[in-house]
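These notes are about the structure you will find just below.
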Amino acid sequence: MSLRSKNLRLLGAVAVHVLTATGGVLGLFALLSACDGQWANAFAWLGIALIVDGVDGPLARRVDVKRVLPRFSGEELDHLVDYLTYVTVPAFMVARAGIVPVSLRLPLAATIMLVSLYHFSDTQSKTAEGYFVGFPAIWNAVVLYCFVLDFPPGVSASVIAICAVLTFIPLYWVHPLRVRRLRLLTLAVISAWGAAAVSAILRGFPGTRTEQMIFAIAAVYIVATGVGATGGSGRRFGSKT
C-alpha cells in the first residue's frame, strides 16, 4: 500500500472518530436547550445525534478503524456519547420538564441514570441475532413519548418506572438494523415513527392524533416483537454495540 493510500485511510478513520465525537457536542446543545425549557429544540438536537449514531458504525467498519487506529476504541467513544444523549439529557428533562409529579422528578431522573449504567456495563446485553436483552436505555424515546402522547404526570412516572424495571428483565428488544427477522416491517414501522417524531418536534408538543396513533402502534409492535423473540434461540454474546 502506498504512503498516500495509508494517509487517506488514516484520515478516514480519524474523520469517523470525529463524527462519533460530534454526538457529544450535539448532546451539549440538547442539554442547553433543555435548560431553557425548549423541549422541542432539545429533541431536535437529540434526533441529529441519533442519526450520527446510526451512520458512524457502518462508516467505521467500512474504513476499518479498529485496524487503522487500534489505540482508540470507537466502541468506548460511542458508549460515552450514548450515555449523554440517550440517558443524561433525557434524565435532565425528567427532572425539569414537569412531565412527572414534582415529588418523583429527582428520584426518577436518578433511577434513569443508575439503571442505565447497569445496561451499558452489561457484557451480555445482546443476543447473537442482535436483539437487546433487557430495556436498552433508549430514554430519549421514552421521554419523547411522554411529550408527544401528553401523558398525565402519574402515567409518565409509571412508564419510566416500568422501563427501569425492564432493564433487569431478560425481555428481548429488536434492533431495527441488526435483527433480520421481520426487518423490512420493522424498518417500515420505525420509519413511520421517525416521520411522526419529526412532525411532532417541528409542530411542538403534544402530537396530533395521527402522530400519537403512530407512536402507539410503534410501541405495541416493538414490545410484541420482543415478546415473540424472547425465549427463542437467541444466544447472548459479550458486546453491547
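The values are calculated or read from the model by the stated rules, or taken from the named source; none is laboratory data. Everything numeric here is computed off the predicted structure, so don't read it as measured data. Reconstructed Cβ throughout: ideal geometry from the backbone, glycine too, with neighbour counts over all protein chains shown.
Does region 38-55 include one or more residues that are more than 14 Å from the chain's Cα centre (by Cα), small (Gly, Ala, Ser), under 30 Å from Phe151 (Cβ atoms) and not assigned by TED's automatic domain parsing to the domain that holds Leu144? Before the answer, list the steps.
Our first condition is that a residue be more than 14 Å from the chain's Cα centre (by Cα); within region 38-55, this holds for 38-42.
Adding the requirement that they be small (Gly, Ala, Ser) leaves 40, 42.
Filter again for under 30 Å from Phe151 (Cβ atoms), leaving 40, 42.
Still in the running and not assigned by TED's automatic domain parsing to the domain that holds Leu144: 40, 42.
Yes, region 38-55 contains at least one residue that is more than 14 Å from the chain's Cα centre (by Cα), small (Gly, Ala, Ser), under 30 Å from Phe151 (Cβ atoms) and not assigned by TED's automatic domain parsing to the domain that holds Leu144.
Of all residues in region 156-212 being more than 27 Å from Tyr131 (Cβ to Cβ), without any contact (Cβ under 8 Å) to a residue 24 or more places away in the chain and of a type outside the set (D, E, K, R), which is surrounded by the most Cβ atoms within 10 Å (Cβ to Cβ)?
If we take residues in region 156-212 being more than 27 Å from Tyr131 (Cβ to Cβ), without any contact (Cβ under 8 Å) to a residue 24 or more places away in the chain and of a type outside the set (D, E, K, R), then Ser199 is surrounded by the most Cβ atoms within 10 Å (Cβ to Cβ).
Scan Ala34, Ala13, Ala42 and give me the residue that is at pLDDT below 95 and not β-branched (Val, Ile, Thr).
Values: Ala34 fails: at pLDDT below 95; Ala42 fails: at pLDDT below 95.
After ruling out the rest, the residue left standing is Ala13.
Evaluate the following for Ala13: is it among the small types (Gly, Ala, Ser) and over 30 Å from Arg203 (Cβ atoms)?
Values: among the small types (Gly, Ala, Ser): yes; over 30 Å from Arg203 (Cβ atoms): yes.
So Ala13 fits the description; yes.
Output the residues belonging to region 133-151 that are touching a residue at least 60 places away in the same chain (Cβ under 8 Å) and under 14 Å from the mean Cα position of the chain (by Cα).
Residues satisfying the conditions are Asn140, Leu144, Tyr145.
Given region 56-118, what helices (runs of 4 or more DSSP H) lie entirely inside it while holding 1 or more residues that are buried (at least 21 other Cβ atoms within 10 Å of the Cβ), within 19 Å of the chain's Cα centre (by Cα) and free of Cβ contacts under 8 Å to residues at least 60 places away in the same chain? Explain how you work it out, then say what you get.
Numbers: elements: 65-68, 74-82, 89-96.
Where helices (runs of 4 or more DSSP H) fall fully within region 56-118 and carry at least 1 residues being buried (at least 21 other Cβ atoms within 10 Å of the Cβ), within 19 Å of the chain's Cα centre (by Cα) and free of Cβ contacts under 8 Å to residues at least 60 places away in the same chain, they are 74-82, 89-96.
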